[in-house]
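**Q** My questions will all concern the structure given below.
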Amino acid sequence: MELNKNTILITGGTSGFGYEFANRLLALGNTVIITGRDQAKLDLTKKKLPGVYTFQSDVSDPEAIEKLFERATAQFPQLNILINNAGEMRKIDLQDESIDLDNIVREININLSGPIRMVQAFLPHLKTKSNAAILNVTSGLALIPFPLTPIYGATKAGLRFYTKSLRVQLKNTGIRVFELVAPGSSTPLHDKFSGDVDDSRLMDPVKLIDVAIKGLQSDKFEIYPGLAKVMNIVSRIAPSVIFNQLKKITEKSLAKTKA
Ligand SMILES: NC(=O)c1ccc[n+]([C@@H]2O[C@H](COP(=O)([O-])OP(=O)(O)OC[C@H]3O[C@@H](n4cnc5c(N)ncnc54)[C@H](OP(=O)(O)O)[C@@H]3O)[C@@H](O)[C@H]2O)c1
């Protein structure tokens, strides 16, 4: 698809992939709107990327999504691309009785219900556009589970299946449905895992978003940058190779926390 003169809404645009998407898409001549929960981070991003428009909005809050839809489409009726990027990844020890259930399901509300609610809110509007697209950001951990982040993997695998289904159901509309299957990358989300995983294998987010932009431009509906491509192949022919490594990392990390 043409990646200029679009009006693009990116959830979670104040750091990591969302920020890099905003930076690249602005440079390509698009109107870019970003969201996030933290107003101070939105203000800072606006300083760094003066062309960007910002809305404070929490993707896990259904009312906030309704308000975002009303305000964003009123101010930007040309809005034609939605990037569901906002996400959270946490280590969770499922045997830790001090973690309450609301806390455990938090990632489901952000990473899975959030994008689904965003799509349902924006779908009637996107259907009125001739050059529309939805991009959902999943993960290599949607292909092979990382037991240290049990809820995260469940949300990303769920989002991957949902995205495949959405693509089929929207086949006869003008909306193209993309999935970015992102590998581990050096962003604030990943910082919490340094010490658990081998940081030298993390992909530079700038390079990762470059692959994503090229994928969108060439209508590659499933985009696998860097190690995600390897994970996609290995997950089909020998899934236990990577899963065994992830199991070992989990056991080591949980043992360290309990020690
Ligand atoms: N980095 C990786 O290794 C990696 C690998 C695979 C997939 N991914 C996926 O890529 C996406 C972006 O991750 P990242 O690494 O760029 O993370 P990041 O640097 O932590 O950025 C996350 C962004 O999302 C926003 N956000 C978080 N929760 C939100 C909510 N409830 N509502 C609205 N905005 C919210 C954050 O701002 P506020 O905190 O101010 O809300 C921030 O702007 C996520 O979906 C993640 O799962 C990341």
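Read the figures in this text as sums done on the coordinates, not as results from a lab. What you see is a predicted model; the values in this text were computed from it and never measured. Quick reminder, even Gly has a Cβ in these numbers, built from the backbone with ideal geometry, and neighbours come from all protein chains shown.
**Q** I'd like the full set of residues that are touching a Ser or Thr at 6+ places or on another chain (Cβ under 8 Å) and either more than 20 Å from Ile249 (Cα to Cα) or surrounded by fewer than 20 Cβ atoms within 10 Å (Cβ to Cβ) (or both), limited to the range 145-156.
**A** Pro147
**Q** Given (1) farther than 26 Å from Arg24 by Cα; (2) crowded, with 19+ Cβ neighbours inside 10 Å, identify the lone condition not met by Leu208.
**A** (1)
**Q** Take Asn4 and tell me if it is more than 8 Å from the ligand (Cβ to nearest atom) and either closer than 23 Å to Asp210 by Cα or not aliphatic (A, V, I, L, M) (or both).
**A** yes
**Q** Suppose the filter is in contact (Cβ under 8 Å) with a residue 24 or more places away in the chain, within 12 Å of the ligand (Cβ to nearest atom) and not β-branched (Val, Ile, Thr); does Leu112 pass it?
**A** Yes: the conditions hold for Leu112.
**Q** Can you find even one residue in the range 94-109 that is surrounded by 20 or more Cβ atoms within 10 Å (Cβ to Cβ) and closer than 27 Å to Thr250 by Cα?
**A** Yes, the range 94-109 has at least one match.
**Q** If you don't mind, there's one more thing I want to ask. Among the residues of the range 26-40 satisfying the criterion of being within 22 Å of Glu107 (Cβ to Cβ) and either surrounded by 18 or more Cβ atoms within 10 Å (Cβ to Cβ) or among the aromatic types (Phe, Trp, Tyr) (or both), which is nearest to the ligand (Cβ to nearest atom)?
**A** Applying the filter and picking the extreme gives Gly36.
**Q** Right, here's the next one. So, in the range 45-68, exactly how many residues are touching a residue at least 12 places away in the same chain (Cβ under 8 Å), near the ligand (Cβ under 10 Å from one of its atoms) and not in a strand (DSSP E or B)?
**A** Of the residues in that region, 7 qualify.
**Q** Would you pick out the residues in the range 173-215 that are part of a loop (DSSP other than H, G, I, E, B) and within 10 Å of the ligand (Cβ to nearest atom)?
**A** If the condition is that a residue be part of a loop (DSSP other than H, G, I, E, B) and within 10 Å of the ligand (Cβ to nearest atom), then Pro183, Gly184, Ser186, Thr187, Lys192, Phe193, Leu202 are the ones that fit.
**Q** Considering only residues that are more than 20 Å from the chain's Cα centre (by Cα) and among the small types (Gly, Ala, Ser), which ones fall in the range 17-71?
**A** Ala27, Gly29, Ala40, Gly51
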